[in-house]
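Chemist: First the structure, then my questions, so here it is.
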Amino acid sequence: MNPRAGRLSWSEVSARRLERSALAAPSAAAGPAELVRALCGAHAQVLSAAELSVGIRSEAATRGDVRAALWDQRSLVKTHGPRGTVHLLPTADLPLWNAALSTMPHPANPFPQQVRMTDEQTEEVIAAIGKALADAELTVDELSEAVVDIAGPWAGDLVMPAFQGMWPRWRQAITLASYRGVLCFGPNKGRKVTYTNPQRHLPGFEPVEGTEAQARLLENYLRAYGPATPQNYAKWLNAPRGWTTELFASLESGGRVQRVDVEGTPAWVNAGDTEFPSEPPRGVRLLPYFDAYVVAGQPRERLFPGRAAERALTPSGQAGNYPVLLIDGTVCGVWHQRRSGKKLYVTVEPLTKLSTAHRALLDEQVERVAAVLEGRPELTVGTVSAGAHA
């Protein structure tokens, strides 16, 4: 490690991010909760993708270990995180996340006036959710009945267009209820999702003060993905750019973050956190849908250069909709896996010619992916026909 406070190269930034994300070398000691903490959350809209995100960062963990941490040990919690999307978060960190996410500015309510709830109704629904889940794991239908019983019939009005039907009014408060710390996901009942109250598994739950929580969340992000800009942070959090700019300025004036130069562009790191690897990024990794490294990593044009942007980003520039092949810290292809019993059929589509060394590392990575997913791999290097995940 070399202390650097001057001009940084993209190679140095990339190498440090790989190291901080346990992608330069899988961890021999860190458990699932520690790995998720280092990532600032693991995207879990597709739970199997979250299991793989965590598992490939460990020398030995499997999806079973991640599930045990989530449902048995309760060191992980599945809830709404950055951008309102479903994430795995360390249970011990939930007070920090709740305080930061519940007090930051959010996008305007997208529903028309006749669908929205008033501020008072929203508070009633959140209180009803917390009460209904205080000692239970309920499906969404069971929770809906309980909320309507507690808050009143208006909460059950079918006014929210959803898929082929209509949802009850109260459901627009689910994400905010999770931010307030009264709702998270429970284990499925058969094929049905359940919700519960995270305070059941976190005795003495005390949210952090909002301003301090916002500062600490930014510091955690910069440790994992810095140097970064207010615009990068706004994109990751889905927050207003003006607000993130003010947050950066406040922490800079308070001596908690400092400015550095990345190839002529100003960016920020935590104060004093100016050590960067002296060696360039190395390694081959297969990252699943919505892996935190590619979703949080900016700028996109450096992480997804040339053809990678066309192949692995959506037309709007969103990352994560395709699993990616990462070579030496840069997206160099896409991949897909299909399971049949214990057999795991892995197809990798490189966008550049693989060297002999990279092909050998790819074989090792496929073996590791299969070990995490508890299957037997069969690798094909060729065209991936699967489309983007919505």
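The values are calculated or read from the model by the stated rules, or taken from the named source; none is laboratory data. Note that this is a predicted model, so its numbers are computed, not measured. All Cβ positions, glycine included, derive from the backbone under ideal geometry; neighbour counts span all protein chains shown.
Chemist: For TYR289, only one of the following conditions fails: (1) surrounded by fewer than 23 Cβ atoms within 10 Å (Cβ to Cβ); (2) of a type outside the set (Val, Ile, Thr); (3) at pLDDT below 95. What is its number?
Modeler: Here TYR289 meets the rest and fails (3).
Chemist: Please tell me if LEU379 is under 20 Å from HIS43 (Cα atoms) and not aromatic (Phe, Trp, Tyr).
Modeler: No: the conditions fail for LEU379.
Chemist: Of THR196, THR229, which residue is crowded, with 19+ Cβ neighbours inside 10 Å, β-branched (Val, Ile, Thr) and in contact with a helix residue (DSSP H, G or I) (Cβ under 9 Å, 6 or more places away or on another chain)?
Modeler: THR229
Chemist: I would also like to ask the following. Quick check on GLN298: is it of a type outside the set (D, E, K, R), on the phi < 0 side of the Ramachandran plot and at pLDDT below 95?
Modeler: On the way: of a type outside the set (D, E, K, R): yes; on the phi < 0 side of the Ramachandran plot: yes; at pLDDT below 95: yes.
Against the criterion (of a type outside the set (D, E, K, R), on the phi < 0 side of the Ramachandran plot and at pLDDT below 95), GLN298 qualifies.
Chemist: Restricting to the range 42-84, count the residues that are touching a Phe, Trp or Tyr at 6+ places or on another chain (Cβ under 8 Å), in a loop (DSSP other than H, G, I, E, B) and modelled with pLDDT of 95 or more.
Modeler: Residues that pass the stated criteria total 1.
Chemist: What are the residue pairs meeting all of these: first residue in the range 326-352, first residue surrounded by 18 or more Cβ atoms within 10 Å (Cβ to Cβ) and of a type in the set (Asp, Glu), second residue part of a strand (DSSP E or B) and modelled with pLDDT of 95 or more, Cβ atoms under 6 Å, and 6 or more apart or on different chains?
Modeler: These pairs meet every condition: GLU349/GLY333; GLU349/VAL334.
Chemist: For ARG259, are the conditions met, namely being assigned to a strand (DSSP E or B) and exposed (fewer than 14 other Cβ atoms within 10 Å of the Cβ)?
Modeler: Judged against the criteria, ARG259 is a match.
Chemist: Here is a follow-up. So is GLU349 among the acidic types (Asp, Glu), modelled with pLDDT of 95 or more, within 24 Å of GLY382 (Cβ to Cβ) and over 20 Å from the mean Cα position of the chain (by Cα) or not?
Modeler: So GLU349 passes the test.
Chemist: Taking the stated definitions as given, is ALA388 aliphatic (A, V, I, L, M), farther than 28 Å from GLU12 by Cβ and not in a strand (DSSP E or B)?
Modeler: So ALA388 passes the test.
Chemist: Checking GLU34 against (1) over 15 Å from the mean Cα position of the chain (by Cα); (2) under 17 Å from GLN73 (Cβ atoms); (3) assigned to a helix (DSSP H, G or I), only one condition comes out false. Which one?
Modeler: Single failed check for GLU34: (1).
Chemist: In the range 88-117, how many are among the hydrophobic types (A, V, I, L, M, F, W, C), within 27 Å of PRO168 (Cα to Cα) and free of Cβ contacts under 8 Å to residues at least 60 places away in the same chain?
Modeler: Residues meeting the conditions: 4.
Chemist: Confirm whether ARG191 is among the charged types (D, E, K, R) and touching a Ser or Thr at 6+ places or on another chain (Cβ under 8 Å).
Modeler: no
Chemist: Let me ask something additional. What number of residues in the range 127-151 are part of a loop (DSSP other than H, G, I, E, B) and free of Cβ contacts under 8 Å to residues at least 24 places away in the same chain?
Modeler: Number of matching residues: 0.
Chemist: Which residues, taken from the range 233-250, are assigned to a helix (DSSP H, G or I), of a type outside the set (Ser, Thr, Tyr) and either touching a Phe, Trp or Tyr at 6+ places or on another chain (Cβ under 8 Å) or within 27 Å of GLY320 (Cβ to Cβ) (or both)? It would help to see each step written out before you state the result.
Modeler: So in the range 233-250, the residues assigned to a helix (DSSP H, G or I) come out as 233-237, 241-250.
Narrowing further to those that are of a type outside the set (Ser, Thr, Tyr): 234-237, 241-243, 246-249.
Across the range 233-250, the qualifying residues are ALA234, LYS235, TRP236, LEU237, ARG241, GLY242, TRP243, LEU247, PHE248.
Chemist: Another one. Within the range 283-322, which residues are within 17 Å of ALA44 (Cβ to Cβ) and either hydroxyl-bearing (Ser, Thr, Tyr) or part of a loop (DSSP other than H, G, I, E, B) (or both)?
Modeler: PRO288, TYR289, PHE290, ASP291, TYR293, ALA319, GLY320, ASN321 - these are the residues of the range 283-322 that are within 17 Å of ALA44 (Cβ to Cβ) and either hydroxyl-bearing (Ser, Thr, Tyr) or part of a loop (DSSP other than H, G, I, E, B) (or both).
Chemist: Another question about this same structure. What's the number of the only condition in (1) touching a residue at least 24 places away in the same chain (Cβ under 8 Å); (2) within 20 Å of the chain's Cα centre (by Cα) that LEU313 fails to meet?
Modeler: That leaves (1) as the condition not met.
Chemist: Related question: Condition check: within 24 Å of VAL159 (Cα to Cα), surrounded by fewer than 17 Cβ atoms within 10 Å (Cβ to Cβ), basic (Lys, Arg) and not assigned by TED's automatic domain parsing to the domain that holds TRP243. Does ARG67 satisfy that?
Modeler: no
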